[in-house]
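The values are calculated or read from the model by the stated rules, or taken from the named source; none is laboratory data. Predicted, not measured: the structure shown is a model, and the values here were computed from it. Note that we place each Cβ from the backbone using ideal geometry, even for glycine, and neighbour counts take in every protein chain shown.
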Amino acid sequence: MILYDLCLPWYWEYDDAFVGLIERACVAQGKTLWQITPTNLLEAITALYKGEVNFRTLLDRAQGDIRFEPINRWAREFGARRINPTELSLWSEDKATMHLELIEAGLNTPHTILLSPFIEEPVVAPLDLSPLGERFVIKPSNGGGGEGVIMGAESVEQILQARTEFPTQKYLIQAIVQPRVFDGRVAWFRCFYSAGEAFPCWWHPETHVYALVTAEDESRYGLDHLRDVTKRIASICKLDWFSTEIALAEEFVVVDYVNDGIDTRIQSRAADGVPDEVMEQITSRLVGLA
């Protein structure tokens, strides 16, 4: 039987740089890697269930493609280490749930009104939107990549209409956070977490362009707390790697809670990609879990 340290199912073409970094990290750490793609999927699943091939750790980048599910099921049944187990991912991606969890943990979030799914409560009680200000954000609890999010909404009618777009999801109605500006830079950050370490980046909410938060930045602008907040979120969601959005207004505010469907494109290949140095460190730590 062949035994691999790390199994990596993937199919998204833009994951190629990420996969390359995983390969390099495996070589550097003396770990064996088994890649499963649509090309070898049937052969791989057959070998796995026949007991011809085995693996210790699963890093699944094929979630969402049902064809790869037998690999995840095998990992659950045979006790393989799963990085970001599906059940934890599903729980933590619910923004309504995480909103309450973060508040319970004492973290700051935007002022929020939570609404039940339309299908469960088609008619809601009159809403007092005054604490949110003139404009606010409407977002479904399980949306990703901005899907279904309405920025700068102004009326109850927009909320009622939005709830019908994703009728099975809860909705969050949130105040807009006004970040501070440091020397022309908006104090909005996307922080990555990987296997015990946090990697904060400047991230412009409109252009989505990243820049490293340097040690000088942390000292000059008092940004060292970004790492603490990110690690506190990790202690709540229990994921091995994810990203979170944090803005600095009067205080640090967690704006977008937990995203484990990370866009792994790197900056050397895409203008709005993750800084290469950050993704190198993320992949190195992920391989270290194997």
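Please tell me if Leu59 is out of contact with any Asp or Glu (no Cβ under 8 Å at 6 or more places or on another chain) and surrounded by 15 or more Cβ atoms within 10 Å (Cβ to Cβ). Considered against the rule, which asks whether it is out of contact with any Asp or Glu (no Cβ under 8 Å at 6 or more places or on another chain) and surrounded by 15 or more Cβ atoms within 10 Å (Cβ to Cβ), Leu59 comes out as yes. A residue that is surrounded by fewer than 18 Cβ atoms within 10 Å (Cβ to Cβ), closer than 20 Å to Gln267 by Cβ, among the hydrophobic types (A, V, I, L, M, F, W, C) and in contact with a helix residue (DSSP H, G or I) (Cβ under 9 Å, 6 or more places away or on another chain) cannot be found anywhere in the range 228-250. With the condition kept exactly as written, say whether any residue in the range 232-250 is among the β-branched types (Val, Ile, Thr), free of Cβ contacts under 8 Å to residues at least 60 places away in the same chain, farther than 25 Å from Phe136 by Cα and outside the structural domain of Tyr14 (by TED's automatic domain parsing). Scanning the range 232-250, I find no residue that is among the β-branched types (Val, Ile, Thr), free of Cβ contacts under 8 Å to residues at least 60 places away in the same chain, farther than 25 Å from Phe136 by Cα and outside the structural domain of Tyr14 (by TED's automatic domain parsing), so the answer is no. Looking across the range 35-64, just one residue is among the acidic types (Asp, Glu) and out of contact with any helix residue (DSSP H, G or I) (no Cβ under 9 Å at 6 or more places or on another chain), and that is Glu43. Taking the stated definitions as given, is Leu42 under 28 Å from the mean Cα position of the chain (by Cα) and not in a strand (DSSP E or B)? Taking the combined requirement at face value, the residue does not satisfy it.
Being over 17 Å from Thr97 (Cα atoms) and at pLDDT below 95 holds for only one residue in Ala211, Ala125, Ala175, and it is Ala125.
Does the range 87-96 contain at least one residue that is outside the structural domain of Ala62 (by TED's automatic domain parsing) and in a loop (DSSP other than H, G, I, E, B)? The answer is yes, given that some residue of the range 87-96 is outside the structural domain of Ala62 (by TED's automatic domain parsing) and in a loop (DSSP other than H, G, I, E, B). Assessment of the range 82-94 against the conditions (crowded, with 19+ Cβ neighbours inside 10 Å and more than 22 Å from the chain's Cα centre (by Cα)) yields no matching residue. Are any residues in the range 230-262 part of a loop (DSSP other than H, G, I, E, B), over 14 Å from Pro85 (Cα atoms) and of a type outside the set (D, E, K, R), and if so, which ones? Across the range 230-262, the qualifying residues are Ala249, Ile262. With respect to the stated conditions, Leu42 fails to be of a type in the set (A, V, I, L, M, F, W, C), within 21 Å of Cys237 (Cα to Cα) and either crowded, with 16+ Cβ neighbours inside 10 Å or not assigned by TED's automatic domain parsing to the domain that holds Asn259 (or both).
Within the range 172-181, is even one residue under 21 Å from Asp260 (Cα atoms) and in a strand (DSSP E or B)?
yes
One residue stands out in the range 145-171 among those that are loosely packed, with under 12 Cβ neighbours inside 10 Å and under 20 Å from the mean Cα position of the chain (by Cα): the one that is farthest from Asp256 (Cα to Cα), namely Glu147.
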